[in-house]
Amino acid sequence: MSQMKHIDNIPSTPGKFKMEKSPYNRLRLHSSLAKLTFWSFVFLGLIFVFFFRSPSSSSPESLTADPSRRSLRTSSYGGPDWEKRIKASAKVRSRNGMSVLVTGAAGFVGTHVSAALKRRGDGVLGLDNFNDYYDQSLKRARQALLERSGVYIVEGDINDVALLKKLFDIVQFTHVMHLAAQAGVRYAMENPSSYVHSNIAGLVSVLEVCKSVNPQPAIVWASSSSVYGLNTKVPFSEKDRTDNPASLYAATKKAGEEIAHTYNHIYGLSLTGLRFFTVYGPWGRPDMAYFFFTKDILKGKAIQIFEAANHGTVARDFTYIDDIVKGCLAALDTAEKSTGSGGKKKGPAQLRVYNLGNTSPVPVLDLVSILERLLKVKAKRTIMKLPRNGDVQFTHANISLAQRELGYKPTTDLQTGLKKFVRWYLSYYGNGKKSSQ
């Protein structure tokens, strides 16, 4: 694609079992015991079948069809060719370069960060589970893009600790760029468990492996501007309170920051959290407003524009992907080494959190007007009240800390950034004729 030149059933807490006080005759008791014994044997049999059967009983075809999905219970996980691809992808080709494991590499930010790292000579290995939260074909297209630049993406889940350990056995990563997460504010009302699985359990899985390897890598990970929740003081500063989340997504990201603090304190992991503010651009996420507004405007569908109480303006600190990438790379470049060894802390370790935004909030109505001009199509607007589903009225980043410590300086205004996005969108989807789910 020539347009790719710009890279730009764990139960809830069980209740107490209460014995019935009413008497039972001995025959009924024996019957119950017989049933209990029977089902116990059935249960144990199932455990044996699923967990203790020999790997040799598995179909050879199923083990070779997709090496990155093989079970780690086999003795030759992935095989030599698989390991060779991993080593080649993670090989450092620049002086003083780093070897980086990028989780969520087929995602929007992950793709751009991986490509930028590879371009400057760093070793990069991707990890992604290619879930179906949004159009998987877009993720596969990003994967193909990265593969052409020499970045291999292992298909697997961050909760697969055995896989993570295997990757660290093959490559001694100096850094981890942890971007894998369940994104989206509204989707949490439909599938809350996915947020706990990815954003909390997944983060812990990554940190558990990182704290145990030697040497420990430095870790940069994606938090979110959503942690500011219901704050009314603007612009949002890293010193502000973040204990009033407006969504489950925000709550899981806040939990992530506390978890990071814990692993830094106990194990000496070097950890940097990045609070992204409304990232947009080419190869973006279809669930973001600028993306589905573009799709619906081209198809002549009405778009829903939210307004706050009393006709209040809804605004976002839209941040172009290239600026976010620069912030991510700066965070990696300034990350100090972790201080632990063998899972034990040897000294104080670096712990940081930064806002990465554009510090210029734009009303959503203005976003729509810009898209209308770029697409040369008038939008069919439907004004609606801002729902109580996790969305907040505004976001606005104070980026002074990132400017001072990372040299972070966003340079792309919304008009310029959307122009690049629309150019990519029309090239990739063909004026909306190609499906964009």
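FYI, it's all coordinate maths here, none of it is from the lab. All values derive from a computational prediction rather than experimental measurement. Cβ placement follows ideal geometry from the backbone for every residue including glycine, while neighbour counts extend to all protein chains displayed.
Electrostatic bookkeeping for I170 treats Lys and Arg as +1 and Asp and Glu as -1; over the other residues with beta carbon under 13 Å from its beta carbon, the sum is +3. Counting only the Cα atoms, segment 184-273 fills a convex hull of 90 Å³ per residue. Considering only Cα-Cα distances, which of the following residue pairs are longer than 24 Å: K233/K337; K118/K409; K87/K346; K165/K254? From K233/K337; K118/K409; K87/K346; K165/K254, over 24 Å: K233/K337; K87/K346; K165/K254. When its C-alpha radius of gyration is set against 2.2 N^0.38 Å (N residues), segment 334-437 gives a value of 1.61.
Ordered by the count of other Cβ atoms within 10 Å of each Cβ, fewest first, L351, L406, L274, L365 give L365, L351, L406, L274. Put a plus charge on the Cβ of each Lys and Arg, a minus charge on the Cβ of each Asp and Glu, and nothing anywhere else: the dipole of segment 108-200 about its Cα centre is then about 380 debye. Evaluated at q = 0.15 Å⁻¹, a Debye calculation over the C-alpha positions of segment 268-401 (equal weights, vacuum) places log10 I(q)/I(0) at -0.81. Rg and Dmax of segment 235-308, both derived from C-alpha coordinates alone, stand at 17.5, 55 Å. Taking N as the residue count of segment 117-168, its C-alpha radius of gyration divided by 2.2 N^0.38 Å amounts to 1.23.
DSSP beta bridges fully contained in segment 280-437 are about 40 percent antiparallel. Each residue of segment 334-348 was assigned a 3J(HN,Hα) from its phi angle through the Karplus expression (A = 6.51, B = -1.76, C = 1.60, θ = phi - 60°), giving 9, 6, 7, 5, 5, 10, x, 8, x, x, 10, 6, 9, x, x Hz with x at Gly and Pro. Reducing segment 353-404 and segment 148-227 to their Cα centroids gives an inter-centroid distance of 28 Å.
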